[in-house]
Structures are given as C-alpha cells and as structure tokens.
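**Student:** Got a structure for you, written out below as structure tokens; questions coming shortly.
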Amino acid sequence: MTGSHLPAFLRGQDSERVDHSLARPAAALATGQPVTQVLDLRPDPDTTRGAVPLYLARTMSGDGFHLSHLLPLTYDAWMHHALTLDDAHFNQAVQAATGIYADLLSHPWGVLCALPYSSVVWLRLGHSPDDTPDPGRTTLLLRAVQRESAWLRTLDGRFAGPLVEQPGPPWAVHTTITFLAARHGWPRPTSWRSWDDTVAGLLEHLR
C-alpha cells in the first residue's frame, strides 16, 4: 500500500461538477495513457478529515470526494471508440481495457473509485447488464480491495450514498462488493470482518 491519499481532482461541491471536470482525463485514460500522466495526483488536504464524506453514487450534492464518475466515464469513452472497430481489433481493445482497469486499481484512490456500483461496468464480459462478471477483472478488483483493506478501515464512517441517512461503512451503500456477494446469494457484510471475509470468499470462489 503506497500513496494512500485522496487526490484533489475527486473533490467538489457536487457530483455534476466533478463529472464535468473528469470528462477530458477519462477520454485520455481510455486510450491507454498512464494514470500518472493524465491525472493530477496531488493529495487533497482533507484526505484524513473524517467530516468530509466519500460519495459512492452519482447525482449527489454536498462537499466531499465524489468517487463514482471516473471509472464509468473512462469505460464509456473506451466503449465509444471500441464500437468503431472490427472484430479483431475489438478483441485487442478488450485486452487493452483490462490494462487500463489494472492501472487505475494500482492506486489506493483508484480502488475507492472502483467501489461504487456505477463502476461495475468494468466487470462485464460484454455489453449487457446481465452478462457474467469477467473473472480476470473481478480478481483484479478483489485483490486490490484486499490490498487496501487497512486503508479502507481508516475511512470508516465516511461512505455516503442514496438512502443512507448519514455517512457510514462502505457496505451501507450498494457497492461492487455487495453486488458480487448478492450474485452468489451471500449476505451483505455487516462489519469489517465480514467485509474482509466476503472479499476473501469471492476470491476463493474464482480460483
């Protein structure tokens, strides 16, 4: 775990403004340009300030870190380009997309951005919402969440989303992890221990 901070580009007064500011960087990421060359990774001074929430859903208002935009925007930009390709080049683009996802997940803040349910598009094998999650990308996500488990715990009480009265733990909001658990008929985590056990169990299931 290195560079555990929240970059200033994720900070905003509402999700719409953060969404707008990320459109151009997301388009660059979609072409395979490295995260470190596209995004300004300077830490926000309120990284460790518990009163500043982490929003895990789109179309939310409030000062804080809005995490639900970067990965979907990048995926949409990638798909927009990929659909112009023939079958052979499309398959190459799918392989390249896994590299883009892995690059984002190599950063602790990227793991946070992969938690919102809106980022589950990166786990799809095809275009349909009913497609089975891709085992390779799902493994990348779960290993990254496992790697950053200690840091995620330091952010406890800051995760916010729709229908959540006040910020709390990540499982209080619908995330990619609760989505994967539900697909297997597993209960929603109710503690950090059960969160970690769920991640480990999902990884074991993929072996």
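The values are calculated or read from the model by the stated rules, or taken from the named source; none is laboratory data. Computed from a predicted model, the values in this text were never measured in an experiment. All Cβ positions, glycine included, derive from the backbone under ideal geometry; neighbour counts span all protein chains shown. Quick note on the areas: whole protein, heavy atoms, side chains included, nothing else; ligands and nucleic acids left out. Shrake-Rupley method; radii C 1.70, N 1.55, O 1.52, S 1.80 Å.
**Student:** log10 I(q)/I(0), Debye, Cα-only segment 18-84, no solvent, q = 0.17, 0.27, 0.29 Å⁻¹?
**Tutor:** Reported log10 I(q)/I(0), two decimals: -0.68, -1.21, -1.26.
**Student:** Can you give the extra length, in nm with one decimal, that the chain gains between Ala51 and Thr98 once fully stretched, where that is 0.36 nm per residue apart less the Cα-Cα distance?
**Tutor:** Gain on extension, Ala51 to Thr98, equals 13.5 nm.
**Student:** Summarise the accessible area of segment 104-207 (1.4 Å probe, protein heavy atoms) by the percent that is carbon and sulfur.
**Tutor:** In segment 104-207, the share of accessible area belonging to carbon and sulfur is 53 percent.
**Student:** Can you list the residues, at least 5 places off or on another chain, whose amide H is less than 5 Å from the amide H of Phe159, using H built in the peptide plane?
**Tutor:** HN-HN under 5 Å from Phe159: Leu54, Gly168.
**Student:** Above 17 Å lies some portion of the pair distances; for segment 88-204, what is it as a whole percent of all C-alpha pairs?
**Tutor:** 55 percent
**Student:** Test of understanding: what is the full-extension gain from Asp131 to Trp186, defined as 0.36 nm times their sequence separation minus their Cα-Cα distance? Working shown, then result.
**Tutor:** Details: separation 55, 0.36 × 55 = 19.80 nm, distance 1.90 nm.
Working it through step by step, the gained length comes to 17.9 nm.
**Student:** Can you pull the three principal axis extents for the Cα set of segment 45-113, in Å, largest first?
**Tutor:** 49, 25, 15
**Student:** Additional query: With every protein chain left in place, what is the accessible area per residue of the chain in square angstrom, probe 1.4 Å? Spell out each step's value before the answer.
**Tutor:** Numbers: 10070 Å² over 207 residues.
Value for the chain: 49 Å² per residue.
**Student:** Report the label-to-label distance for Glu204 and His80 in nanometres (one decimal), using points 7 Å from each Cα along the Cα→Cβ vector.
**Tutor:** 4.3 nm
**Student:** Further question on the same structure: Could you compute the net charge surrounding Val38? Neighbours are other residues with a C-beta less than 13 Å from the C-beta of Val38; K and R count +1, D and E count -1.
**Tutor:** Local net charge: -1.
**Student:** Now, a different point. What is the local net charge at Arg158, summed over the other residues whose Cβ is closer than 12 Å to its Cβ (Lys, Arg +1; Asp, Glu -1)?
**Tutor:** Working: positive: Arg49, Arg153; negative: Asp46, Asp156.
Once positives and negatives cancel, what remains is 0.
**Student:** Another one. Can you bin segment 42-157 into rounded, prolate or oblate? Criterion: square roots of the alpha carbon gyration tensor eigenvalues sorted a ≥ b ≥ c, rounded for a/c under 1.5, prolate for a/b above b/c, oblate for the rest.
**Tutor:** Working: a/c = 2.30, a/b = 1.84, b/c = 1.25.
Prolate.
**Student:** So which helices of the chain fit the span-like rule, where a helix is a whole DSSP H run, its Cα atoms reach 20 Å or more along the axis, and its mean Kyte-Doolittle is at least -0.5?
**Tutor:** Span-like helices here: 15-30, 87-105, 192-206.
**Student:** Which value, in Å² and to the nearest 10, is the accessible area of His20 when all protein chains are kept and the probe is 1.4 Å?
**Tutor:** The accessible area of His20 comes to roughly 150 Å².
**Student:** Hey, got the Cα dimensions of the chain along the principal axes, in Å, largest first?
**Tutor:** Answer, in whole Å and largest first: 48, 37, 32 Å.
**Student:** To the nearest 500 deg cm²/dmol, what mean residue ellipticity at 222 nm is calculated for the chain from DSSP H runs of n ≥ 4 alone, each contributing -39,500 (n - 2.57), summed and divided by the residues?
**Tutor:** One gets -15000 deg cm²/dmol as the mean residue ellipticity at 222 nm.
**Student:** How much length, in nm to one decimal, is gained on full extension between Asp156 and Ala8, taken as 0.36 nm per residue of separation minus their Cα-Cα distance?
**Tutor:** This chain segment gains 51.3 nm when fully extended.
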